[in-house]
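One structure is given below, encoded as structure tokens.
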Amino acid sequence: MAMVSRSAFTAWGLAGSLLLAGCGGNAPPEAPARDEAATGTDFAWPASLPAFGDGFPKPGDACRRIGESPATSDYLDDSASLVGCPTEADAEKLGGKLLKVVDGVTLVSVPNAPAPMPGDGDGQGDAKVAGTDYDATAQLRCAGYRGMKATMCDAGVKRNTEDGLTLVFIDWPDGVNSRMLIFDKAGKAISANTNEADGSAKFPVVGKRVEDTTIVTIGPERYEVPDVFIKGD
């Protein structure tokens, strides 16, 4: 019988091991599964939907408010917030009207019905809103900033400052720009933080009373501020 050398035996053993590995004996690790439930900061919001804010209805929530774009222009309503959610289940929790799914995001229209806050006519008097130095917060009708159509803007108010003025801070949905409106002791709009950079400085600040609301215009910009938001209880 022919003798088999140690080197040949070793070579055959190595070849066999490689063959077993190729047949699945040592399968490569599986790729991590895609997290289908990724929400909030983990969710990749599409460019077609300009999402803003830190969550809706409260910071940290999975859904976010959605601004104007070609994909949303037909769904904007100044009596409701347009909200996008990573999943239909998240959207259903908001209790609004489900609209459609756009690029993986479920759009829902949520009526604007903010809960009463201290100092906004609820009979509780002024008190600072938790986590802010505002006496009250709300959403106010706004339009015209850099051509933006009518929408709802987040706003906060500081009443009776050291010089007796009331300051209303309005945040635009782009999450970057804002406007401060200044009212005197009688609740009359007298000024705003206009500037040369955005072209607002060339326009006068005009306040017009319409029933229980002051409509402030600064050129193309328009803000509707209810009396109760300015004066409180």
Check: Using the Karplus equation 6.51 cos²θ - 1.76 cosθ + 1.60 (θ = phi - 60°), what ³J(HN,Hα) coupling, rounded to whole Hz, does each residue of the range 208-215 give in order, writing x for Gly and Pro?
Finding: 10, 7, 10, 6, 9, 9, 9, 9
Note to self: Can you tell me, using C-alpha contacts under 8 Å and at least 6 residues apart, the relative contact order of the range 136-231 as a whole percent?
What the structure shows: 23 percent
Margin query: Quick check on the exposure proxy: order F229, F43 from fewest to most C-beta atoms within 10 angstrom.
Written below: F43, F229
Notebook entry, point to check: So if we plug the beta-carbon distance of L98 and D163 into 1/(1 + (r/R0)^6) with R0 = 35 Å, what FRET efficiency do we get, rounded to 0.05?
Noted result: 0.15
Next item on the list: Output the peptides 62-68, 185-191, 52-58 sorted from most to least packed, where packing is the average of other Cβ atoms within 10 Å over each peptide's residues.
Entry: 62-68, 52-58, 185-191
Note to self: Give me, ordered by chain and number, the residues 5 or more places off T87 or on other chains with an amide H under 5 Å from its own placed amide H.
What the structure shows: T106
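Below 12 angstrom from the Cβ of S200, what's the summed charge of the other residues (Lys, Arg +1; Asp, Glu -1)?
Values: positive: R146, R179, K202; negative: E196, D198, E221.
For residues surrounding S200, the net value is 0.
Every number in this text was worked out from the coordinates using simple rules, so none of it is lab data. Every value quoted in this text rests on a predicted model; they were computed, and no experiment measured them. Ideal geometry is used to build each Cβ from the backbone, glycine not excepted, and the neighbour counts take in all protein chains shown.
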